[in-house]
Each structure stands twice: as structure tokens, then as C-alpha cells.
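In what follows, a structure is listed as C-alpha cells, so that the remarks can point back to it.
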Amino acid sequence: MITLFRLACIAIFLIAAAPQSPAQSNQPGSQSIAASLAELVQTPAVSGYEQTVSKIITARLQAMPQHYNPKTDNLSNVTVTLGSGSPRRLLVAPIDEPGFVVSGITPEGYLTLQRLPQGGNLPLFNELYAAQPVKLQTAKGAWIYGAMTGVSIHLQPQRQHPPSMSDLDNMYVDVGATSAEQARAGGADVLSPLAIDRHFYWLDLGRKYASPAIGDRFGAAALLELLRTLDAGKLKGTLTVAFVTQQWLGARGLQKVLYQLNPDEMIYVGRLMRPLAAANAQAGGRRPAAEGEAQRESTPGFKQVPGSGVVVASEKPDAELSGFAAELKQAAGQINVSVAADLSAPLLPRGGYMAQAKFPERTVHLSIATNFPSTPAEVIDAGDLNALTAVLEQYLEGSVQKPLAETGAYAEPGAPDRPATAPATEAILKKLTETYGVSGGHEQNMRDTVAALLPAWAKPETDDAGNLILHWNGSTANKPPDTKSVKPPSIAVVAHMDEIGYEVHAILPDGRLELEPKGGGVLAYFLGHLAVVHSGQRLWPGVLELPEGWDKPDFQWPRNPRQMFHMDIGARNPEDVAAMHIKTGDFVTIPKQYHKLMGRRAAARAFDDRVGCTALVAATWALGADLKGRDITFIWSTSEELGLEGAADAAKHLAAQGKMPDYVFAVDTFVSADSPLESKRFGNGILGQGFVVRAVDNSNVVPRNLAERVVSMARTGNIPAQYGVTGGGNDGAAFLLYGATDVALGWPLRYSHSPGEVVDVRDVEALSRIITAIAQSW
């Protein structure tokens with residue numbers, strides 16, 4: 001749906017799509033460090049709820065050739081101890097990540113949240129969760145899907161004070177339930193941990209890795225790789241390797257291990273931590289910083305970037321390495337690994353609620369640099385991770401294993417085989433939703449998939465604008481006798497194939513891509529998240545960069561409607577980009593996947609307007625080849641998000657040929673206010689209560705008698721129907737100039753133009769049924 005922002009030249013943004021999880025499509029050897037890292041990051045482990053990842057680590061240790069016998073304590077810390085005597089060494093890595101826990105359920109079935117950690121310095125963390133697909137764990141350990149609520153951009157222009165997505169009071173989770181009872185029956189309940197849905201990606205031919213929480217797991221992956229290749233016979237003294245929990249909650253797991261083991265030396269392997277702002281320093285205080293409080297005053301930023309090698313954490317960014325850190329740097333030098341210092345907060349919080357554990361005098365915090373730390377688009381360098389593991393091996397036994405190489409491209413999903421019988425509506429919806437096609441001439445994959453899902457008798461044509469057109473022109477000989485004196489009206493039904501996204505505008509000297517937006521949306525839903533470049537039949541993952549200053553307390557999202565955006569695909573120069581066959585004109589999307597929610601509801605990106613396309617495909621199967629004298633045209637249009645371009649071209653050509661339809665039924669999203677974040681002065685368009693007549697939007701007003709006629713027809717056919725007022729525009733407006741009447745139809749959609757859109761499949765089925773009825777008898 002084209003937004004008012006676009007029509008008013010205020011739109012911006014980015015988006016959309018990748019096919020399957022890289023873990024499914026391009027998994028490396030099961031013994032590689034990347035395989036361990038992929039498995040670890042793809043399982044959420046919110047602080048205090050790390051049990052599932054602890055079990056994964058235990059299983060990996062037990063399956064190694066050494067057949068380790070790990071121990072798990074009451075905090076879910078996992079430890080392995082080798083050797084005996086002195087020195088007593090401790091290698092430790094955290095396994096938890098920031099996230100949320102369900103704190104309540106509203107009567108309408110939405111989940112409310114509390115963040116874990118409740119304080120801390122996590123810029124934009126809450127905001128980058130808005131309108132994203134999420135997963136939560138039931139009390140029985142199963143994972144179920146949901147979508148974080150978000151404001152719909154089409155409904156915001158007339159609101160003076162839209163809700164802030166950074167405020168926890170505005171954060172709700174939609175699991176598809178319509179009541180608290182249904183939510184609980186489906187497994188969602190208070191104390192369920194919740195985190196953003198995620199996949200693990202190899203960037204730039206495997207030179208970089210990207211995933212949410214990757215900075216919270218690389219240390220664990222490094223220690224697993226170390227244990228896999230370790231020759232225990234070369235060890236001196238006692239070595240304990242610990243995978244600790246609740247690091248974000250006062251380092252509780254680490255403190256317990258330290259208290260119990262009292263080691264002679266410790267190497268902690270984990271992310272650099274942002275210090276709290278000076279405004280929150282409380283000498284000897286016990287109260288954690290309140291959420292948002294950590295943003296009052298700037299703190300120095302990290303200096304090292306991915307590719308810098310191994311990093312030693314320091315409370316001073318340019319500290320000279322001495323003591324144990326200098327020994328490790330010397331060991332690294334023996335294998336040509338660079339080691340430098342960078343800023344990090346202390347591993348143990350000052351104050352806190354536990355008695356402070358004592359660090360051994362010989363303690364070092366080793367790390368590697370990350371881009372966009374603690375965001376969904378966090379990136380690390382594969383070489384840095386291999387180097388970190390090699391330094392640990394060199395220090396412990398003086399030998400280094402050669403790292404395995406990975407690859408980074410994934411296959412573009414192809415069109416399905418043509419079905420012999422009518423597919424279920426939801427099967428059509430899932431296939432079309434997971435197909436990619438950005439506005440501006442990138443709809444070919446979508447066009448092929450729509451055509452492939454039509455019955456064999458259907459022979460659609462493609463016009464010069466890329467629109468896919470299917471026409472019925474029943475002969476008068478087939479008309480029933482009682483209709484000879486009345487000529488039925490000619491009808492066109494239009495749904496658009498395109499989705500919002502980006503196009504590669506330029507390749508920069510440093511290997512980054514400059515992107516031009518194709519369609520509008522809320523920037524926080526896309527920037528700072530993973531994305532893919534579609535180049536031919538290959539998908540290359542990367543991250544959509546946050547604007548400069550994103551981690552500063554006074555950050556404001558840019559509002560320039562002609563702004564370009566940047567994408568990091570791991571390349572270092574244009575030659576690297578050329579080696580991946582990426583070129584200007586390729587399109588970029590946010591990965592998407594169809595997830596079933598509770599009841600008949602589902603969440604995904606680009607339901608706008610995959611639902612409309614689905615309804616037309618399903619109606620084609622229901623109508624059959626012969627419509628007995630009816631003049632019906634179905635149009636799957638292009639570039640709607642750029643200003644109804646495909647529909648405008650189709651309307652112009654039909655008018656020039658004297659074939660302008662009497663009525664155009666434009667099928668597009670009814671952006672619903674059926675959400676706790678939206679103003680109820682818009683028609684709610686309640687999910688599960690049927691298709692919607694878009695009686696009023698920004699591009700058209702449906703004549704009232706025709707809106708009532710559609711609803712009356714629906715009630716006669718026992719088809720659930722609604723009508724109301726929404727924002728945005730529709731393809732039918734392009735036909736008004738030539739005399740056609742636009743009767744816009746839709747279905748209720750929550751969180752429009754976001755990665756976490758939510759629909760009710762019953763509304764999609766109702767939409768296809770009313771389109772069928774209109775084609776047969778309007």
C-alpha cells in the first residue's frame with residue numbers, strides 16, 4: 001500500500017527478505033567453530049533463562065571425541081575440569097543475552113513485558129525490537145512465535161503524539177490470541193522469556209558472521225572449539241572451562257564460579273561492555289540504573305572494529321598492556337595475531353546485590369570487536385574469532401589448528417510446480433509471502449510464482465509495466481436466457497505484487513553499498529537489522545547500517561525523504577563486491593518467513609499485498625475458465641509502493657483501447673487500528689471478523705451505496721464483512737481519471753510495512769470469497 005508519507009514526499013526506509021535459514025541452506029561442517037556459533041546464537045538465552053543453551057553446550061561437549069563429562073549447577077552454569085594441581089586456570093565465557101520476560105497478559109490477549117536486564121547501557125535496544133518477529137518459550141520448553149507491536153506508518157500523519165517505541169509501556173507482543181485465556185492455553189504466560197527471531201549469516205564469503213546476540217555467544221563458540229581440539233596431555237595444572245549465565249544480571253554465574261573455584265588465573269572471553277554514563281555512577285550504591293537513565297550522558301565509544309584481531313578489555317581505551325595481558329599478547333605474536341586494548345566496563349558491576357567475588361590477580365578479559373553491538377544486526381569478523389581461538393590454544397598448549405573456511409551466498413527460492421488441484425488459501429499465502437519482489441522493476445520472482453500457482457487453463461499475459469493480467473471474456477452465447485437484455489458491467493480486480501525495499505544505487509570505495517529506498521516505512525523497523533542483496537539467483541546477507549551517532553544519547557532518526565542508506569556486506573573494496581557479482585540495480589530486502597500464530601493468525605513481512613495476490617489466485621481457481629458472458633480482468637500490478645505506477649500504466653492502456661472497466665475493485669491492506677498502540681478514531685478493522693470495504697482512505701472515497709452493496713452481498717453469501725476508514729492509498733485510484741468507479745477492498749492488517757505484520761487467515765479466505773462473488777454476479 002502506498003503511504004501518505006510517500007504521496008507527500010516524506011517517506012523513507014528500507015526492507016525485506018531472505019528465503020530459508022542459513023542453518024538449513026548453507027550449514028558448514030558440524031565440527032567447525034561457525035557451526036557451534038550458529039547453533040548457539042539461533043537459540044535465545046535471555047538472562048536468567050539460559051537452560052536450553054546450557055543443554056546444547058552440554059550435548060556438544062559429550063559428543064566430542066574426548067567425551068567430556070560437564071557439570072551443570074543450579075544457575076545453569078556448565079563447567080568442565082581437566083587435569084589437577086597448580087596452576088588452577090579458569091577459562092570462562094558468558095552465554096546469556098539481553099531480552100524480555102512476559103510480565104502480564106491483557107484481557108485482549110496481548111503480552112506485556114519487562115526487560116532483562118532492567119537497566120544497563122543498551123542504545124536503541126527496545127526500539128529495534130518494535131514490529132519484529134519474536135519467539136517465546138513456553139513452560140514446557142517449546143518455542144512459539146509472536147510479533148512485537150508497532151505503529152503503522154499509514155495511520156501516523158494525523159497523530160500529534162504517537163507512542164514512543166523505546167518506552168516499555170508501549171511494548172506488547174501479539175501471539176494471535178484474542179483473550180488472555182487463549183494466550184495461556186497456547187503456551188504464552190507470565191515468566192515466558194522472549195527474544196527477537198533470528199538467523200545466523202555468513203557475510204562476504206564467510207569472512208564475517210552476523211546475527212542477533214552474536215556478541216554474547218562468540219566466547220562460548222571459541223571455548224567449544226578449543227575443547228574440541230585440545231590435547232589434554234599438554235596441559236599443566238588444572239584447567240576449568242566454564243560457560244556462565246546471568247552476566248547481564250550482575251555477573252551472577254561468573255561470581256558463583258569464582259567463589260567456588262578460587263582460581264589462580266582467569267581468562268574471560270566475551271563481548272566488550274559499554275560503561276554506564278557518568279550520570280549513573282553511584283559509589284557503593286546498590287540500585288541498578290533505571291531504563292533510559294543510562295542515556296543521560298555520553299560515554300566514550302569502542303575504537304576497535306571487526307578485523308582488528310584480538311582485543312584486551314580495559315577501563316582506559318588506550319591502555320598499555322602489562323602483566324598477564326602482555327603475556328597473552330606475546331603468545332599471540334608467536335602466531336602473528338594482532339592484540340590491542342579497547343574500552344570496556346568492569347566484568348563485575350560496582351555495588352549490586354551480591355557480595356563481590358574476588359578476581360585472581362592474573363585476570364584478563366579477551367574479546368573481539370563487533371559492529372552495531374547489542375543490535376539485531378551485530379557483526380563479527382570470522383578471522384578475529386579464529387584468531388581468538390588460536391591465541392587461547394597457543395597459550396595453553398603451544399599449537400594452533402587451521403580454521404575451516406565457510407561460504408556466504410544463499411539460493412533465491414524458485415517458483416513452485418504448477419498445482420493440479422486448487423491449493424489451500426493459506427498454502428498460497430505462505431508461498432507468495434516468502435517470495436521476494438521489490439518495487440521498481442524487481443517483481444519478476446513474484447510474477448513467476450503467481451503464474452505458477454494459477455490453474456493450467458489460465459494464460460495470463462505480462463504488459464510493458466510488468467503487470468500480470470488475466471482476462472475472462474465470456475461469449476454472449478453462454479449467457480443464461482434471463483440476462484440477454486442486461487449487459488453485465490465490466491470489472492477489474494487489482495492487487496499489487498511489489499513490496500517495499502531498497503535498490504543498490506552505488507558501490508562505495510570501502511566496499512559498502514549505497515541504497516535507495518523503494519517505498520516507505522518506520523526506519524527503526526529496518527535499520528540496524530539483517531538484510532540480503534538479491535543478485536541474480538543468489539542472496540548475499542549483510543546489515544543495514546544505523547545512522548551515525550545511533551549510540552549517542554541525543555540521537556534522532558533522520559527525516560530527509562531523499563536520503564540514501566548504507567549496507568555492509570563484509571566487502572572491503574569494490575573488487576570484493578564484484579567477486580560476489582553484486583551490481584548497481586540489484587535489490588535489497590529484510591529476511592522474512594511465514595510463522596503461524598495462535599488460532600488462524602500468522603505473522604510475516606510483506607502481507608501487503610501478498611494477501612491481495614493470494615485472494616486473486618484463490619478466486620481464479622474458484623471461478624473456473626468460463627464466466628458465462630462476464631467481462632472480468634484480474635491484474636497483479638507492479639510498483640504500487642512507488643505511486644501506483646503499474647496500475648496507472650494499466651489504466652492508461654485500457655483507456656486508450658476503449659476497454660476501461662466500469663468498476664475497479666482494488667484489493668489492498670486495510671491498515672487496522674486493532675492494536676493497543678493505534679488511535680481508535682480509525683475504523684478498527686478487527687482481525688478475524690472478515691474482509692473490509694476500504695470505504696475511505698487517502699486516495700478514494702467509495703460511494704456509500706456501493707460499500708453497502710458489497711456488505712449486503714457478503715451477508716447474503718454468509719461471508720464475514722466489515723467497512724471503515726484507514727490511511728494510505730490504493731491502485732483503484734489510478735483508474736478514476738478515466739471514469740471507472742473504485743470500490744476498494746482489503747483485509748485487516750496489524751503493524752503495516754513492518755517485519756512483524758499480523759493477519760487472520762479467515763479474513764484472507766473471506767476476501768477471496770467476496771472477489772469470487774463479485775466476479776460472478778456484480
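A few points about this structure:
- Contact annotation: residue pairs with Cβ atoms under 8 Å, 6 or more positions apart or on different chains, pairing a residue in the stretch 534-549 that is surrounded by fewer than 24 Cβ atoms within 10 Å (Cβ to Cβ) with a partner that is not in a loop (DSSP other than H, G, I, E, B), are 537/411; 538/410; 538/411; 545/565; 545/566; 545/567; 545/568.
- Here residue 562 passes the criteria (1) under 19 Å from residue 509 (Cβ atoms); (2) at pLDDT below 90 except the one numbered (1).
- Inspection of the stretch 67-83 finds a residue satisfying the criterion of being out of contact with any Phe, Trp or Tyr (no Cβ under 6 Å at 6 or more places or on another chain) and of a type in the set (Asp, Glu).
- Residue count for the stretch 99-120, restricted to those that are touching a Ser or Thr at 6+ places or on another chain (Cβ under 8 Å) and in a loop (DSSP other than H, G, I, E, B): 6
- Hits in the stretch 518-533 - residues which are over 18 Å from residue 548 (Cβ atoms) and touching a Gly at 6+ places or on another chain (Cβ under 9 Å): 518, 519, 522, 525, 530, 531, 532, 533
- The requirement of being open to solvent by less than 20 Å² (accessible area, probe 1.4 Å), part of a helix (DSSP H, G or I), touching a residue at least 60 places away in the same chain (Cβ under 8 Å) and not aliphatic (A, V, I, L, M) is not satisfied by residue 752.
- Filtered residue count, the stretch 726-739, keeping only those that are over 15 Å from residue 154 (Cα atoms) and open to solvent by less than 10 Å² (accessible area, probe 1.4 Å): 3
- Cβ pairs under 6 Å, 6+ apart, first in the stretch 77-104 and within 19 Å of residue 171 (Cα to Cα), second open to solvent by 10 Å² or more (accessible area, probe 1.4 Å) and β-branched (Val, Ile, Thr): 102/190; 103/112; 104/112
- For first residues located in the stretch 566-585 and among the polar types (S, T, N, Q), partners that are open to solvent by less than 50 Å² (accessible area, probe 1.4 Å) and lie 6+ apart or on another chain with Cβ distances below 8 Å form the pairs 573/511; 584/504; 584/506.
- So residue 145, is it in a strand (DSSP E or B), modelled with pLDDT under 95 and not basic (Lys, Arg): no
- A residue that is over 31 Å from the mean Cα position of the chain (by Cα) and either open to solvent by less than 10 Å² (accessible area, probe 1.4 Å) or at pLDDT below 85 (or both) cannot be found anywhere in the stretch 200-216.
- Residue that is farthest from the chain's Cα centre (by Cα) [pool: residues in the stretch 421-434 that are part of a loop (DSSP other than H, G, I, E, B) and in contact (Cβ under 8 Å) with a residue 12 or more places away in the chain]: 422
- The residues listed here are 269, 305; of these, the one that is modelled with pLDDT of 55 or more, of a type in the set (A, V, I, L, M), within 18 Å of residue 89 (Cα to Cα) and under 29 Å from the mean Cα position of the chain (by Cα) is 269.
- Any chance residue 542 is farther than 22 Å from residue 151 by Cα, in contact with a strand residue (DSSP E or B) (Cβ under 7 Å, 6 or more places away or on another chain) and of a type outside the set (Phe, Trp, Tyr): yes
The values are calculated or read from the model by the stated rules, or taken from the named source; none is laboratory data. Note that the structure is a prediction, hence the values are computed from the model and not measured. No Cβ is skipped: glycine too gets one built from the backbone with ideal geometry, and neighbour counts run over all protein chains shown. Ligands, DNA and RNA are stripped out before the accessible areas are found, and what is left, the full protein with its side chains, is counted by its heavy atoms. Shrake-Rupley method; radii C 1.70, N 1.55, O 1.52, S 1.80 Å.
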